[in-house]
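One structure is given here, and the rest of the page talks about it.
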Amino acid sequence: MGNVLAATAVFVGTHFLLSHPLRRALVARIGEGPFLGFYSLVAAVTLVWLALAYRAAPMSPLLWPVGDGLWAVATAIMLLASVLLMGSLIGNPALPDANGPDPTGAQRTVPEARGVFAITRHPMMWSFALWSLAHVMVLPERSNIVLCVAIAFLALVGAVMQDRKKEALQPDFWRTWERRTSYWPLAAISAGRARLAGFRGHDLGGGLVVWLAASWAHLPLAGWAAGVWRWV
């Protein structure tokens, strides 16, 4: 368990340090390309350490009983997480825009909040948080809780820090985008700034495929059935 805690702290800590306070200084010193290589290497090494520590940790007693009711709720949450993840991959203003006319984003047109972006402007981050919630619900043991809390913390705090970075780099674009969307899921819809409409085929269809494939993979990879495959 101590190894899981140490690996988690290093994984989360290095991610935040390299993504924010140390990024500018390192890029200025070694260049963008070498920095990305270094960042990827550190992320890969710490992730492998975390995965190995997690697999080696003994299973602790579950904190609450897990039955079909919890499994059904967690399965539905994972479907939503999969739709958010797939919808975030195309047309996401937070991702690098290789075709944009200006690297600061000043000349880009701010889109309307549609599909998953009407739910939240950080659909990818919230998909990771929902993944964490679902996995704690059905496996409430110490190592898994530490891992899932770390992933959720990394995603949701990272989303806040991403907003701050974008506000500095793309002040006009990003502040307009923030006014049209929301950090918290469904807040913009509740406030009347966005409508739950405009979902694309890859949002729903891709999310469904990922949801089915990922839950099916639990049996060969983890040794137990997950999602709808528990009842099929």
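The values are calculated or read from the model by the stated rules, or taken from the named source; none is laboratory data. Keep in mind it's a predicted model, so treat the numbers as computed, not measured. All Cβ positions, glycine included, derive from the backbone under ideal geometry; neighbour counts span all protein chains shown. The protein model used for the area step is the full one, side chains on, heavy atoms only, and it has no ligands, DNA or RNA in it. Shrake-Rupley method; radii C 1.70, N 1.55, O 1.52, S 1.80 Å.
Between SER60 and LEU196, the contour length at 0.36 nm per residue exceeds the alpha carbon distance by 44.8 nm.
Relative to the present Cα-Cα distance, how much length would full extension add between ALA187 and ALA43 at 0.36 nm per residue of separation? If you can, show how the numbers build up before the last one.
On the way: separation 144, 0.36 × 144 = 51.84 nm, distance 3.23 nm.
Between ALA187 and ALA43, full extension yields an extra 48.6 nm.
Modelled spin-label separation between LEU89 and ALA168, with each label point placed 7 Å from Cα along the Cα-to-Cβ direction: 3.1 nm.
Which FRET efficiency, nearest 0.05, do ARG29 and MET161 yield, Cβ-Cβ r, R0 25 Å? Don't skip to the answer; put the middle values down first.
Values: r = 22 Å, r/R0 = 0.86.
In this case the efficiency is close to 0.70.
How long are the semi-axes of the equivalent ellipsoid of segment 119-207, taking √(5λ) for every eigenvalue λ of the Cα gyration tensor, in whole Å from largest down?
Square roots of five times the eigenvalues give 27, 18, 11 Å.
Apply the membrane-span-like helix rule to the chain: whole DSSP H runs, Cα extent along the own long axis of at least 27 Å, mean Kyte-Doolittle hydropathy at least 0.5. List the helices found.
Values: long enough: 32-56 (36 Å, 1.23); 68-87 (28 Å, 1.81); 142-169 (39 Å, 0.90); 201-222 (30 Å, 0.86).
Both cut-offs are met by 32-56, 68-87, 142-169, 201-222.
About its Cα centre, what dipole magnitude does the chain give when the only charges are +1 on Lys and Arg Cβ and -1 on Asp and Glu Cβ, stated in debye to the nearest 20? Walk me through the intermediate numbers first.
Numbers: 18 positive and 11 negative charges, 64 e Å.
In debye, rounded to 20, the chain gives about 300.
Just the accessible area per residue of the chain, please: how many Å² with a 1.4 Å probe? Intermediate results must be reported in sequence, preceding the final value.
Values: 12640 Å² over 232 residues.
Roughly 54 Å² per residue, with all protein chains present.
What is the calculated FRET efficiency for ASP68 to VAL209, with r their C-beta to C-beta distance and R₀ = 22 Å, to the nearest 0.05?
Plugging the Cβ-Cβ distance into 1/(1 + (r/R0)^6) gives 0.35.
Against the set (1) 1.10; (2) 1.25; (3) 0.99, the structure's computed Cα Rg over 2.2 N^0.38 Å falls on (1). Think of the chain as having a plus end and a minus end, set by charges on the Cβ of Lys, Arg, Asp and Glu; of THR109, LEU5, MET86, THR109 sits farthest toward the positive end of this dipole.
For ASP172, the accessible area of its heavy atoms, probed at 1.4 Å with every protein chain present, is near 120 square angstrom.
Spatially, segment 3-49 and segment 180-197 are offset by 33 Å when compared through their Cα centroids. Potential lengthening of the chain between LEU17 and ARG175 amounts to 54.4 nm, from the contour at 0.36 nm per residue minus the alpha-carbon distance. Contact order for the chain, expressed relative to its length and based on alpha carbon pairs under 8 Å spaced 6+ residues apart, stands at 26 percent. Of all the options ALA159, ALA191, ALA150, the one that moves most in a Gaussian network model of the chain with Cα springs shorter than 10 angstrom is ALA191.
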